[in-house]
Amino acid sequence: MSKKQENSYLTAIVIGAGMRGSVYAQYAQIYPDRLKIIGVADPRKFYRRQLQQQFNIEDKNCFSDWSEASERDKMSDCVIITTPDRLHKDPAIAFAKKGYNILLEKPMAVNEEDCREIVKTCQENNVTLTVCHVLRYTPWAIKLRELIDSGIIGEVVNINHTEPVGFWHFAHSFVRGNWHNEAKSSSSLLAKCCHDIDLINFWMAGRRCTSLSSFGHLSHFNNESKPPGAANRCMECPADVESKCPYSAKKIYLDQIKQGDTGFPVCVIAEEPTMESVTAALKTGPYGVCVYDNDNDVMSNQVVNMQFEGGATATLTMMAFTKSVCTREVKVYGTKGELSCKATSAPVIQHFDFLTGVSHEYQAEPQMVKGMMGHGGADFHCIHSFVNSVANGDKTTISTGPEESLGSHLLVFAAEKARKEKRVVMLQPDGTYN
Ligand SMILES: NC(=O)c1ccc[n+]([C@@H]2O[C@H](COP(=O)([O-])OP(=O)(O)OC[C@H]3O[C@@H](n4cnc5c(N)ncnc54)[C@H](O)[C@@H]3O)[C@@H](O)[C@H]2O)c1
């Protein structure tokens, strides 16, 4: 009997009640008949309490560390693991061993060995694992794959994909924020573009990547670029220097509050963001540090060049210095035509046919559910798919399950090896690389 028939809703514990944990929890707010949040683990009391109050969670099911929850007898159907990058593997393994179905934020883990261990443990314990490569669940990404599979552009010869991170967004997350230092979190290719490598792999529709190379650089956000006279903190920077800096924390955060907006990224800076609390956080916390004077070391611009079986190639460009914020752009070149798409909130896929010279547009709008519109609606589509698959006891409907996600992560690790060792890396059929 499927879970759905036994019970009207699935139950879940949120492990890491920060930005992502609270986004996925919204699904239970919107669809209480499908998902109920019955537990939460987070060392940050404010965020743990917030979720506890929102979902009326019993005190005994609120934990200050994931391990306390995992030590208990199994309490729910699922866990939603949204802890920091370096804290995915241990909870994923512990909860898989207890038989929980797992929605796991990307990256699965920060190295190959840990990713493989997660996959093995989930398989051995026969639990559902969905990795949050959320973009895979968007109608535009799925429609693009359908069009490729239909043969409408003949044989795929090249995919050219760009992830424009956004100048202020990069400064926020990858210079000052959680993902600024590889040893403390992960490389920017893994943190930001495991989505994009995964998409390219998906659109290549079963063709195997055989070799790749990668180049990258940490441009501008380094000490050599620091303007003369600049202070170590924006709040202390001389006005004539600060006013000329597009990355000034005053501009990125305080100007946003002045416009009455306390959403992302301001909401990350303080528990209850106001002009006073954010100003105080900028005076002492990580988000007020000069972008030219930090221990950030992740790449600000990187390219990955890939060759696939049969000769098709793909290029990925990750770029910090853009106006656009994560509005991905892709072109797929085939022997008989071309497809292109810009992943706006209302994406349109354009097709041009070489024989007829006719262009056609396909609409691929996501379902925009209030409170879950992140990543152009992708966050909703991802957890919706996970909940349906667990409820129906059908793992086949998951497109970012253990093996598929492992395959994409291995490509990212191989690309990082190629970049660091300045050479072409060859990939074997079993995913190993050298
Ligand atoms: N799928 C996507 O597109 C996407 C987007 C952004 C972030 N992410 C990933 O999601 C994860 C979470 O990112 P975030 O932005 O929500 O970060 P966040 O810092 O807002 O949230 C992480 C939470 O985990 C909590 N935590 C830390 N140690 C813990 C422990 N021992 N037990 C339980 N909880 C603990 C922290 O206190 C924090 O509240 C990261 O791995 C990140 O890379 C994915």
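The values are calculated or read from the model by the stated rules, or taken from the named source; none is laboratory data. The model shown is predicted, which means the values in this text are computed figures rather than measured ones. Counting neighbours? That spans all protein chains shown, and the Cβs are built from the backbone with ideal geometry, glycine included.
Considering region 130-143 alone, what residues qualify as being within 16 Å of the chain's Cα centre (by Cα) and of a type in the set (A, V, I, L, M, F, W, C)? Across region 130-143, the qualifying residues are VAL131, CYS132, VAL134, LEU135, ALA141. Among the residues of region 60-76, those identified as among the polar types (S, T, N, Q) and either more than 25 Å from the chain's Cα centre (by Cα) or buried (at least 18 other Cβ atoms within 10 Å of the Cβ) (or both) are ASN61, SER70, SER76.
Filtering region 28-54 to residues that are within 14 Å of the ligand (Cβ to nearest atom), farther than 19 Å from GLU272 by Cα and touching a Gly at 6+ places or on another chain (Cβ under 9 Å) leaves VAL40, ALA41.
Inside region 78-87, residues that are within 10 Å of the ligand (Cβ to nearest atom) and within 17 Å of ILE383 (Cβ to Cβ) make up a count of 3. On the given criteria, is LYS395 more than 16 Å from the ligand (Cβ to nearest atom), modelled with pLDDT under 95 and in contact with a Ser or Thr (Cβ under 7 Å, 6 or more places away or on another chain)? Yes, satisfied.
Where strands (runs of 3 or more DSSP E) sit wholly within region 93-184, those with at least 2 residues that are more than 26 Å from ALA17 (Cβ to Cβ) occupy 156-164. ILE57 meets the conditions (1) away from the ligand (no atom under 14 Å from the Cβ); (2) within 22 Å of the chain's Cα centre (by Cα); (3) of a type in the set (A, V, I, L, M) in every case but one. The failed one is (2).
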